[in-house]
1. Quick one: how many residues across the stretch 153-166 are open to solvent by 60 Å² or more (accessible area, probe 1.4 Å) and either in contact with a Phe, Trp or Tyr (Cβ under 6 Å, 6 or more places away or on another chain) or free of Cβ contacts under 8 Å to residues at least 40 places away in the same chain (or both)?
2. Suppose we filter the stretch 28-45 for residues that are part of a helix (DSSP H, G or I), modelled with pLDDT under 90 and touching a helix residue (DSSP H, G or I) at 6+ places or on another chain (Cβ under 6 Å); how many remain?
3. Out of everything in the stretch 174-196 that is closer than 13 Å to residue 76 by Cα and of a type in the set (A, V, I, L, M, F, W, C), what residue ends up being farthest from the chain's Cα centre (by Cα)?
4. Could you list, in sequence order, all residues of the stretch 28-52 that are among the hydrophobic types (A, V, I, L, M, F, W, C), open to solvent by 10 Å² or more (accessible area, probe 1.4 Å) and touching a Ser or Thr at 6+ places or on another chain (Cβ under 8 Å)?
5. So if I check each of 84, 145, 169, 80, which one is of a type in the set (Phe, Trp, Tyr), open to solvent by less than 70 Å² (accessible area, probe 1.4 Å) and over 14 Å from the mean Cα position of the chain (by Cα)?
6. Across the stretch 1-27, what is the total count of residues that are surrounded by fewer than 16 Cβ atoms within 10 Å (Cβ to Cβ) and assigned to a helix (DSSP H, G or I)?
Amino acid sequence: MVDLKEIFGAFLVLFAIIDITGSIPIFLSLKHSGNKFSPWQAALVSLVIFVLFFFLGDAALQLFGVDIQSFAVAGSIVLFIMAFEMILGVEIFKNEPGGGGSTVVPIAFPLIAGPGALTTIISLRAEYADVNILIALAINIVIDFLVLHYIDRLERLLGGSLISILRKFFGVILLAIGVKLLTTNLGTMIQALTGQ
C-alpha cells in the first residue's frame, strides 16, 4: 500500500546515502578533464542496477542463509562508515574508476548505485513496503538525472562551501538513520534468539 510517510522516509535515506550533492565536485572534475557522460544513460543504468539488486538481492541472501534483519544490521554499519566520511571529510570507501566510460563507471556505479546504496535498498525492506521504496528510488533517480543534466548551472549557482555544508548535513541525517536501523533490527534479532 502506498504510504507518503514511508515514501518520504525511504527517499531521505536513499538521498542521503546516494549523496548526489556531495558527488557534484566529482562530476565537475570529470567534465573539466574532458570525460563526457550522458545524464539519461547514467540514470537508467543506475535504476536497472538498483531494481535488479532490490528483487534478486533477497534471493541471494537466502542462498547464503542470511536473514533480512542481519543484513539490515550489516547495512547500518555501512551507513555509519559513509556518514563519518561525509561529516569528517575523509575517504574510507575507495572509488576506483575502471573501463566502460565515465557514464557507467564511475558515475552510475559506484557514485550513484554504490555499495552503500545497494546495501541500503535491501536494508530498507525491513522497515518499509516494497512499493514505497521503489517510488522513493524512482524520485531519487529523477533528481540524480536533473543534477547531472544541469551540472554546469549548479556549478555557477552553488559555491564550494554550500556543497560542503550540504554534504555534512546529510551525513548527520545518515548517521541518525543508521542508529535507528541498527537498534530496530538488532532488537528484533535479540527477541528471536531469546524466544520472547
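The values are calculated or read from the model by the stated rules, or taken from the named source; none is laboratory data. All figures in this text were calculated on a predicted structure; none of them were measured in a lab. Quick reminder, even Gly has a Cβ in these numbers, built from the backbone with ideal geometry, and neighbours come from all protein chains shown. Quick note on the areas: whole protein, heavy atoms, side chains included, nothing else; ligands and nucleic acids left out. Shrake-Rupley method; radii C 1.70, N 1.55, O 1.52, S 1.80 Å.
1. Number of matching residues: 6.
2. Within the stretch 28-45, residues that are part of a helix (DSSP H, G or I), modelled with pLDDT under 90 and touching a helix residue (DSSP H, G or I) at 6+ places or on another chain (Cβ under 6 Å) number 2.
3. Of everything passing the filter in the stretch 174-196, 186 is farthest from the chain's Cα centre (by Cα).
4. 30, 37, 45
5. That would be 145, the only listed residue that is of a type in the set (Phe, Trp, Tyr), open to solvent by less than 70 Å² (accessible area, probe 1.4 Å) and over 14 Å from the mean Cα position of the chain (by Cα).
6. Number satisfying all stated conditions: 5.
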